[in-house]
Amino acid sequence: MLLSTETLENSVAVMGRGTCEEGDDALSSLFEALGMDAFIKAMKKVLSSVSNEMLKELFLKVDSDCEGFVTWQKYVDYMMCEFQGKEDMQKSQYRLHFYLPMRVVPL
């Protein structure tokens, strides 16, 4: 079921003034199922400087099964995979290699 814009705005308002638990509940209900327009509108409230085109691309990446909507679980899964991939790439680039036996090089 897709959320209406009114439900979206109410959920964002609850997130801004409630406790952490209320915020988590609101956030989860906020992402029950968002269509592209509702997703872009919700993300604009948090990331106002990001263009609509970039948010549209993000929506299409998160909606990997092409159902036309994004759930909270799909969003979290995508973000976790994205950051895990970046972390793995950074670790592989900065891996130090020590060759044994080590020797002292005079200065």
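The values are calculated or read from the model by the stated rules, or taken from the named source; none is laboratory data. The structure presented is a predicted model; accordingly, all values stated were derived computationally and were not measured. FYI the Cβ positions are ideal-geometry reconstructions off the backbone, even for glycines, and counts take in every protein chain you see.
Name every residue in segment 66-107 that is of a type in the set (Ser, Thr, Tyr) and outside any helix (DSSP H, G or I), in order of residue number.
Across segment 66-107, the qualifying residues are 71, 94, 99.
What pairs can you find where one residue is in segment 65-93 and within 17 Å of residue 43 (Cβ to Cβ) and of a type in the set (A, V, I, L, M), the other is modelled with pLDDT of 85 or more and part of a helix (DSSP H, G or I), and their Cβ atoms are less than 8 Å apart, with a gap of 6+ or different chains?
Partner pairs satisfying both residue conditions: 70/39; 70/59; 70/62.
Can you find a residue that is surrounded by 13 or more Cβ atoms within 10 Å (Cβ to Cβ), at pLDDT below 90 and of a type outside the set (Val, Ile, Thr) anywhere in segment 60-73?
Yes.
Determine whether segment 44-58 contains at least one residue that is touching a Phe, Trp or Tyr at 6+ places or on another chain (Cβ under 8 Å), in a loop (DSSP other than H, G, I, E, B) and at pLDDT 90 or above.
no
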